[in-house]
1. Hey, could you check the range 120-150 for residues that are at pLDDT 95 or above and loosely packed, with under 12 Cβ neighbours inside 10 Å and say which is farthest from the chain's Cα centre (by Cα)?
2. Quick one: is SER9 loosely packed, with under 14 Cβ neighbours inside 10 Å, away from the ligand (no atom under 14 Å from the Cβ) and under 21 Å from the mean Cα position of the chain (by Cα)?
3. Of everything in the range 83-125, what is touching a strand residue (DSSP E or B) at 6+ places or on another chain (Cβ under 7 Å) and under 23 Å from HIS145 (Cα atoms)? Give them in sequence order.
4. Any residue that is within 16 Å of the ligand (Cβ to nearest atom) and closer than 25 Å to ALA213 by Cα - is there at least one of those in the range 70-80?
5. Please determine, by comparing only the residues of the range 28-54 that are near the ligand (Cβ under 9 Å from one of its atoms) and either free of Cβ contacts under 8 Å to residues at least 24 places away in the same chain or among the β-branched types (Val, Ile, Thr) (or both), which one is surrounded by the most Cβ atoms within 10 Å (Cβ to Cβ).
6. Kindly list the number of the only condition in (1) within 30 Å of VAL13 (Cβ to Cβ); (2) part of a helix (DSSP H, G or I) that fails for PRO125.
7. Just give me the residues in the range 83-124 being among the β-branched types (Val, Ile, Thr) and more than 23 Å from VAL38 (Cβ to Cβ), in sequence order.
8. When only residues in the range 199-237 that are within 16 Å of the ligand (Cβ to nearest atom) and acidic (Asp, Glu) count, which is farthest from ILE95 (Cα to Cα)?
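The values are calculated or read from the model by the stated rules, or taken from the named source; none is laboratory data. Remember, it's a predicted structure, so these values are computed and weren't measured experimentally. Every residue, glycine among them, receives a Cβ derived from its backbone with ideal geometry; neighbour counts consider all protein chains shown.
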Amino acid sequence: MHVDNGKGSAVVVADGVTRRYGAGDTAVDALSGVSVEVEPGALTAVMGPSGSGKSTLMHILAGLDRPTSGTVKIAGTEITDLGDTELTKLRREHIGFVFQFFNLLPMLTADENILLPLSIAGEKPDPDWYQELIRSVGLGDRLHHRPSELSGGQQQRVAIARALVSRPSVIFADEPTGNLDSKTSGEILELLRHSVRDLGQTMVMVTHDAHAAQIADRILFLADGLIVKQTSGGSAPEIVASMEEIGVE
Ligand code: ADP
């Protein structure tokens, strides 16, 4: 039976979100009224020129920051009313992150980094899932090496595995290929795509790279703190054309 439960099925729902930094004459409206639903089991890309509000939106959708007005629901819980401790707990249970600069702990080996989110919670992974994950990220014999002994691409594979290990409701990837050469970027994008298509992971990727965005199922284009266009994916040339349309040279 098909049950259409509308907004209830989205992993993160933002409604009329604004974010103002500062006050008075120097106030900056980074978001001016954004409503968006993050669809489960899909890869949503957020694109837009520098300063358009991408990072601000990501931080708010991930519960790292709160809106000035409007509401945000993460996995069905309205975050606006939560205290900091409750918000941290919600984030830990439901959100994974992948960063441009990997953010691995240098004194831990690759597999210790991957397992860290679970170790902190005093948990162990399901062995079958852990095996599948390790196979998927393709680190081979590098699992017991420290980050300084790994290439950038290998470090990002570790970071992706760390985000996936607890099967969060959604992973936010912030310019995940921004620090990698084009060949390695292609491999990392393939791994992100695999995480969504084959492992069922919901993902939101912030990027200004059309090559990265072309793996997305859906693309949101931001300009001046507003979603000015949405597409259901597209090729790199089509994405470049959309960026030009919204005013990026
Ligand atoms: P993007 O990620 O698309 O580059 P941001 O979300 O970082 O955009 O920034 C959107 C706008 O908000 C920009 O004008 C930026 O200068 C401003 N902004 C971002 N963070 C702050 C802050 N902490 N204090 C003041 N202004 C900020």
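1. HIS144
2. In short, yes.
3. GLY96, PHE97, VAL98, PHE99, GLN100
4. Scanning the range 70-80, I find at least one residue that is within 16 Å of the ligand (Cβ to nearest atom) and closer than 25 Å to ALA213 by Cα, so the answer is yes.
5. Among those residues, the one meeting the criterion is VAL46.
6. Looking at each condition in turn, PRO125 falls short on (2).
7. Of everything in the range 83-124, those that are among the β-branched types (Val, Ile, Thr) and more than 23 Å from VAL38 (Cβ to Cβ) turn out to be THR85, THR109, ILE114, ILE120.
8. ASP224
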